[in-house]
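The structure under discussion is supplied below as structure tokens; questions concerning it will follow.
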Amino acid sequence: MLEVKNLHKSFDKNEVLRGVDFKVEKGEVIAVLGSSGSGKTTLLRCISFLEKSDQGEIIFDDFRKEITKVTNKEIRGLRMKMGFVFQGYHLFRNKTALENVMIGQTVARKIPSTEAKATALQMLEKVGMLNRANYYPDQLSGGQQQRVAIARAMATNPEVILFDEPTSALDPELTGEVLDVMKKLAKEGTTMVVVTHEMGFAQEVANHVVYMEGGIVVEEGTSKEIFTNPKDERTRRFLRRTLSDYDYSI
């Protein structure tokens, strides 16, 4: 469904992505793991054209093109197929939860406000935020704001939702309520790519796990393969650091 090949991205002389190949199939939940600075967030931002790649190829359904040659019109079309949930929520502070969920529909897609409102209310109900529809972001907890952000991403009915460390700014209690929403989406067959440090979520929910280090994909496989029998020593070293009960067989 969505694929990038030989993706490169540098910031000045710092090469952050070094020839990454990455593929997402419809209905998959992919967890992208790795230490800070491994290139995970940059990968998502290049896929969604929030960052301009230096080299690579993108394939999305029947669209295939050198990523540096994609036109602005084509970028808008590709973005219509994607939802993005940011680490820092990125809600409009002067708009209510309902208005935040509506805006992507009314502005980017020119959907009539009555239709957009009905969809937004459905999405807010889905993430357990219908009773906060008329609250402003400053009146909501971090977890509630992130659930509104997820509702906003869902409201445009994207083919894939990209999550950039959606719980890293939250305390453990609020993390749980956001992960519960994401687990629900996974059970419904939502295609998701999740950059995360939540190892439990990756083990329980992800169909496929990708481990990145130093701007490359070191290893990938099913959740069971990565967490019980990783092949690469770099993956094993990462899991030893992040999982106190980590155990694997060789």
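Can you tell me which residue in region 95-111 is nearest to the chain's Cα centre (by Cα), limited to those that are among the aliphatic types (A, V, I, L, M) and closer than 12 Å to Leu124 by Cα? If you could, list the steps in order and put the result at the bottom.
Start the filter on region 95-111 by keeping residues that are among the aliphatic types (A, V, I, L, M), which leaves 97-98, 101-103, 107-108, 111.
Keeping just the survivors that are closer than 12 Å to Leu124 by Cα gives 97-98, 101-102.
On the way: Ala97: 20, Leu98: 22, Val101: 17, Met102: 20 Å.
Among those residues, the one meeting the criterion is Val101.
So which pairs qualify, if the first residue must be in region 33-49 and at pLDDT 95 or above, the second must be surrounded by fewer than 20 Cβ atoms within 10 Å (Cβ to Cβ) and assigned to a loop (DSSP other than H, G, I, E, B), the Cβ gap must be under 6 Å, and the two must be at least 6 apart or on different chains?
Taking only residues 6 or more apart or on different chains, the pairs are Arg45/Glu51.
Under 6 Å between Cβ atoms, which residue pairs at least 6 apart in sequence (or on different chains) link something in region 1-13 that is in a loop (DSSP other than H, G, I, E, B) with a partner that is not hydroxyl-bearing (Ser, Thr, Tyr)?
These pairs meet every condition: Met1/Val24; Met1/Glu25; Met1/Lys26.
Filter region 173-192 down to the residues that are under 17 Å from Met1 (Cβ atoms) and open to solvent by 50 Å² or more (accessible area, probe 1.4 Å) and list them by number.
Listed by number, the list holds a single entry, Glu188.
Give the residue, chosen from Phe201, Phe238, Phe163, Phe227, that is assigned to a strand (DSSP E or B), of a type in the set (Phe, Trp, Tyr) and either exposed (fewer than 15 other Cβ atoms within 10 Å of the Cβ) or out of contact with any Pro (no Cβ under 8 Å at 6 or more places or on another chain) (or both).
Phe163
Counting just the residues of region 137-160 that are farther than 30 Å from Gly77 by Cα and not aliphatic (A, V, I, L, M), which one comes out surrounded by the fewest Cβ atoms within 10 Å (Cβ to Cβ)? It would help to see each step written out before you state the result.
So in region 137-160, the residues farther than 30 Å from Gly77 by Cα come out as 138-143.
Narrowing the set further to residues that are not aliphatic (A, V, I, L, M) leaves 138-139, 141-143.
Details: Asp138: 9, Gln139: 12, Ser141: 14, Gly142: 18, Gly143: 21.
Here the residue is Asp138.
Further, regarding this structure: Can you tell me which condition Glu177 does not meet? The list is (1) under 27 Å from Gly128 (Cβ atoms); (2) without any contact (Cβ under 8 Å) to a residue 40 or more places away in the chain; (3) charged (D, E, K, R), and all the others hold.
Glu177 satisfies every listed condition except (2).
Looking at region 40-89, which of its residues are assigned to a loop (DSSP other than H, G, I, E, B), on the phi > 0 side of the Ramachandran plot and in contact with a helix residue (DSSP H, G or I) (Cβ under 6 Å, 6 or more places away or on another chain)?
Hits for region 40-89 are Phe49, Tyr89.
I've got another one for you. Ser38 is checked against (1) of a type outside the set (D, E, K, R); (2) open to solvent by 70 Å² or more (accessible area, probe 1.4 Å); (3) in contact with a strand residue (DSSP E or B) (Cβ under 6 Å, 6 or more places away or on another chain) and fails just one. What number does that condition carry?
So the condition that Ser38 fails would be (2).
Please go through region 90-120 and give me each residue that is outside any loop (DSSP other than H, G, I, E, B) and charged (D, E, K, R), ordered by number.
Glu99, Glu115, Lys117 - these are the residues of region 90-120 that are outside any loop (DSSP other than H, G, I, E, B) and charged (D, E, K, R).
Just name the residue that is surrounded by the fewest Cβ atoms within 10 Å (Cβ to Cβ) out of those in region 53-71 that are of a type outside the set (A, V, I, L, M) and without any contact (Cβ under 8 Å) to a residue 40 or more places away in the chain.
The extreme case among them is Asp62.
Take Lys5 and decide whether it is open to solvent by less than 30 Å² (accessible area, probe 1.4 Å) and basic (Lys, Arg). Quick ask: steps written out before the conclusion?
Numbers: open to solvent by less than 30 Å² (accessible area, probe 1.4 Å): no; basic (Lys, Arg): yes.
No; evaluated as a whole, the condition is false for this residue.
Additional query: State the number of residues belonging to region 205-250 that are at pLDDT below 95, small (Gly, Ala, Ser) and out of contact with any helix residue (DSSP H, G or I) (no Cβ under 7 Å at 6 or more places or on another chain).
Adding up the residues that qualify gives 1.
The values are calculated or read from the model by the stated rules, or taken from the named source; none is laboratory data. Because the structure is predicted, anything quoted here is derived from the model rather than measured. Positions of Cβ are generated from backbone atoms using ideal geometry, with glycine treated the same way; all protein chains shown enter the neighbour counts. These accessible areas exclude ligands, DNA and RNA; they are computed on the full protein's heavy atoms, side chains included. Shrake-Rupley method; radii C 1.70, N 1.55, O 1.52, S 1.80 Å.
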